[in-house]
1. Pairs of alpha-carbon atoms within less than 8 angstrom and 6+ residues apart define the contacts here; what relative contact order does segment 60-212 have, in percent?
2. Shape call for segment 114-212 from the C-alpha gyration tensor, a ≥ b ≥ c root eigenvalues: rounded (a/c under 1.5), prolate (a/b greater than b/c) or oblate?
3. With an 8 Å Cα cut-off and a minimum separation of 6 or more residues, compute the relative contact order for segment 34-126 in percent.
4. Dividing the alpha-carbon Rg of segment 55-163 by 2.2 N^0.38 Å yields what?
5. What residues from segment 1-30 fall in the zone where the backbone N is under 14 Å from a label point 7 Å along the Cα-to-C-beta line of residue 182?
6. Is there a quick way to get the dipole size of the chain? I mean about its Cα centre, with the Cβ of Lys and Arg at +1 and of Asp and Glu at -1; what is the value in debye to the nearest 20?
7. Figure the gain on full extension for residue 35 and residue 134 (residue separation times 0.36 nm, minus the Cα-Cα span) and round it to one decimal in nm.
8. Of the candidates 81, 17, 142, which one comes out as most mobile in a Gaussian network treatment of the chain with C-alpha springs shorter than 10 Å?
Amino acid sequence: MTILLICALGGYLAGSIPFGLVLCYLFGYGDIRKIGSGNIGATNVLRTGNKWLALLTVILDALKAGLAAYVAYKVVPTTPIISFLGIPAPLNVVASLVAGTCGVLGHNFPIWLKFKGGKGVASAFGFILLTQPLVAMVAFGIWLLMAFTFRYSSLSALTAAAAMPVIAYFMCPPIYAIFYSALALLVIVRHHANIARLLKGQESKISFKKKA
């Protein structure tokens, strides 16, 4: 239990680093929370017109939860086999999933920003990529298909998240499917405002044109 608590805290603190906010300040765009939707994630960073800055934000946001999971997997011993929600799994696997999940929670609710963070899409992707790469690639394929077809980042994320429990069920051991399903639910809940705008036809589309 102590090991899992340490992994949870470490993952949360890593996930709480607001890279979108930091990068926008460093590159002279000011407070990203005063631009577009006010979110600190990569989609809102893209609204500055700097696609490379948005890409860097995606990479760093993905890495923070993914690396937390990877470090926990490598550092924590594989034994003993423990039971999590009735499912047996090696200690390092559970520790990895706890650290990565808390990393996503840290991105969504960062302590440094009064618990007002992003929606966790990039962080969840990075976490899944470093724990089950094939599952992440299938989900990313769904995101790309929806993004290029409809040009709504939120709709793409929601579709990929909704598909995640099904993908995880068929492609992962049960312990992974449980954590991934929880992340999918978190992503959907965090997009509640986007869902309302989509239903009203008021959601902003992805734009790759640089603003003046």
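FYI, it's all coordinate maths here, none of it is from the lab. Being a predicted model, the structure only gives us computed values, none of them experimental. Virtual Cβ from ideal backbone geometry, glycine too; neighbours counted across all protein chains shown.
1. Values: 209 pairs, mean separation 32.2, N = 153.
Once normalised by length, the contact order is 21 percent.
2. Numbers: a/c = 1.89, a/b = 1.62, b/c = 1.17.
It comes out prolate by the Cα gyration axes.
3. Numbers: 128 pairs, mean separation 28.2, N = 93.
Here the relative contact order equals 30 percent.
4. Taking the Cα Rg and dividing by 2.2 N^0.38 Å, one obtains 1.15.
5. Only 4-9, 11-12 fall inside the zone, counting backbone N under 14 Å.
6. Values: 17 positive and 3 negative charges, 182 e Å.
Dipole magnitude for the chain comes out near 880 debye.
7. Working: separation 99, 0.36 × 99 = 35.64 nm, distance 3.47 nm.
Length difference between fully extended and current span is 32.2 nm.
8. 81
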